[in-house]
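Read through the structure below, which is laid out as structure tokens, and then see the notes.
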Amino acid sequence: MKTYYAAADIGASGGRLILGALEDGQLTLETIHRFDNRMEKRGDALCWDYQRIAENIVEGLRLCAEAGKIPISLGVDTWGVDYVLLDEAGNPVGECYGYRDHRTDGMDRVVEKIIAPEELYRRTGTLKADYNTIYQLMSVRERSPEHLEAAQCMLLTPDYLNYLLTGVKKWEYTEASTTQLLDPEKKDWDFDLIRSLGLPEKLFGPVSFPGTYVGKLAEHWAKKAGYSLDVYLPGTHDTACAVAALPKVESDSIYISSGTWSLMGVRREKPDCSEESRKANLTNEGSADGGICCHKNIMGLWMIQSVRHEYGDRYSFDEICRMAEESKDFPSLVDVQDNCFLSPDSMCESIRTWCEAHSLKVPQTLGEIASVVYRSLAACYAQTAKELETLNGKPYPVVQVVGGGSQAEYLNQLTADALGKTVYAGPTEASAIGNIIVQMWGRGGIGSLDEARQIVGASFPVKLFQPRS
């Protein structure tokens with residue numbers, strides 16, 4: 001009889017409940033439930049509906065029972081930085097904001113009056129981004145200080161979902177490392193920093209690590225699912241899960257966790273909080289084995305997803321890639337890291353405006369716009385690879401692309417060409433795989449995460465892309 005594990009892999013545009021089972025050294029996956037997920041407008045704010053997410057997770061568990069495949073444990077992984085403030089009764093204080101909300105505009109200047117950017121990076125090793133938790137909380141301090149007064153704790157997105165599911169509060173390491181409030185050397189909250197910012201220490205509980213037991217599914221959810229099960233912490237940040245699922249390769253490699261965002265970097269034992277790393281816009285986030293994922297946050301396929309939506313989703317991504325290939329000689333490139341592409345009303349117009357402002361040829365057709373996006377992403381990958389090699393003092397002959405973007409064969413080939421490196425693409429469901437193997441490890445089903453990576457390599461196809469001369 002197979003032993004099943006459930007991964008609730010929740011992204012900024014959709015969620016999945018995926019079952020995994022290990023049999024004869026092979027890990028198999030089955031998607032049980034998919035659902036849409038996106039920020040909702042509430043007045044002028046962009047917010048998440050976490051109750052709806054929890055209900056969909058439990059609906060996925062119910063469908064597992066309906067299929068006769070009941071998992072013994074569940075792990076939840078999500079995006080980073082977002083949080084919920086809870087009062088003494090465990091109810092949300094204020095809105096459940098999403099990271100694309102603009103209330104953080106100007107908060108970097110507020111923080112810089114307290115601590116210089118160079119010192120903040122030296123202490124946290126975290127890339128400065130307007131949506132980081134530090135700036136979100138400073139926005140509350142500046143505009144709604146009564147919410148901080150009323151709040152008894154802060155739970156990050158996956159921690160809050162775990163709380164909704166079990167009633168147990170945990171603060172998980174890999175997710176905490178996205179806040180710009182964690183000491184990456186001590187792997188604990190930087191309370192001196194927190195106090196200097198005027199944020200209440202009471203919001204931050206003890207940090208737990210991947211593989212930790214959270215609790216049982218709450219009774220009312222168990223009734224809906226038809227059974228109870230154990231909830232464990234994977235690396236609750238989806239990037240940590242994706243990196244945990246990198247297949248074992250012989251050479252040192254650069255990874256790209258490719259999806260709505262592209263997270264491009266290397267695994268390290270210790271953080272790199274140097275000024276050179278800060279200038280390269282690299283961030284140090286926790287890995288599932290307690291180490292460091294040192295990478296750059298790149299805008300990723302969010303840009304092409306947004307372009308596709310503007311064309312009414314009439315074309316598949318394969319069709320858009322073919323159009324881009326037909327327009328491969330279109331000369332313009334954009335800086336995909338420019339904040340104008342973070343949350344524009346129209347991605348197409350933002351791309352055209354950027355090109356016009358920089359005296360470049362302005363794309364008009366869908367194929368031309370897609371060509372600009374894909375080639376600009378590959379160019380950004382190439383620059384980032386050079387920075388990683390310089391900072392780490394060694395070459396990385398291999399690039400491993402995992403996540404949904406590993407299916408973007410056109411972009412994978414452009415990446416191999418731009419970097420002059422071999423690209424291994426796959427597995428696609430890397431976050432879910434990493435989620436499941438960390439649960440197995442936490443429960444003692446496998447001996448180490450290194451062993452797990454060997455299992456991943458033996459279980460899922462990986463496609464090879466060589467640079468074209």
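Return the total of residues in the range 8-38 being modelled with pLDDT under 95, of a type in the set (S, T, N, Q) and either in contact with a helix residue (DSSP H, G or I) (Cβ under 6 Å, 6 or more places away or on another chain) or in a strand (DSSP E or B) (or both). Looking only at that region, the number is 1. For the range 112-134, a tally of residues being of a type outside the set (Asp, Glu), over 12 Å from residue 178 (Cα atoms) and in contact with a Ser or Thr (Cβ under 9 Å, 6 or more places away or on another chain) returns 5.
Just checking, how many residues over the range 322-352 are of a type in the set (Gly, Ala, Ser), modelled with pLDDT of 95 or more and assigned to a loop (DSSP other than H, G, I, E, B)?
Total meeting the criteria: 3.
For the range 39-62, filtering for residues that are in contact with a Pro (Cβ under 9 Å, 6 or more places away or on another chain) and either assigned to a strand (DSSP E or B) or over 27 Å from residue 105 (Cα atoms) (or both) leaves 1. Checking every residue in the range 409-417 against the condition of being farther than 30 Å from residue 8 by Cα, free of Cβ contacts under 8 Å to residues at least 60 places away in the same chain and crowded, with 24+ Cβ neighbours inside 10 Å gives at least one match. Among the residues of this structure, residue 111 counts as one that is more than 23 Å from residue 433 (Cβ to Cβ) and either surrounded by 16 or more Cβ atoms within 10 Å (Cβ to Cβ) or within 22 Å of the chain's Cα centre (by Cα) (or both). Among the residues of the range 216-266, the ones that are over 15 Å from residue 431 (Cα atoms) and at pLDDT below 95 come to 5 in all. Which one is surrounded by the fewest Cβ atoms within 10 Å (Cβ to Cβ) among residues in the range 269-317 that are in contact (Cβ under 8 Å) with a residue 60 or more places away in the chain, part of a loop (DSSP other than H, G, I, E, B) and hydroxyl-bearing (Ser, Thr, Tyr)? So the residue we want is 274. For the range 155-203, the helices (runs of 4 or more DSSP H) that sit wholly inside it and include 2 or more residues that are free of Cβ contacts under 8 Å to residues at least 12 places away in the same chain are 191-196.
Looking across 76, 58, one residue alone is modelled with pLDDT of 95 or more and either more than 23 Å from residue 212 (Cα to Cα) or over 17 Å from the mean Cα position of the chain (by Cα) (or both). It is 58.
The values are calculated or read from the model by the stated rules, or taken from the named source; none is laboratory data. Just so it is clear, the structure is predicted and the values come from calculations on it, not from any experiment. Cβ coordinates were reconstructed from backbone atoms using ideal geometry, including for glycine residues, and neighbour counts include every protein chain displayed.
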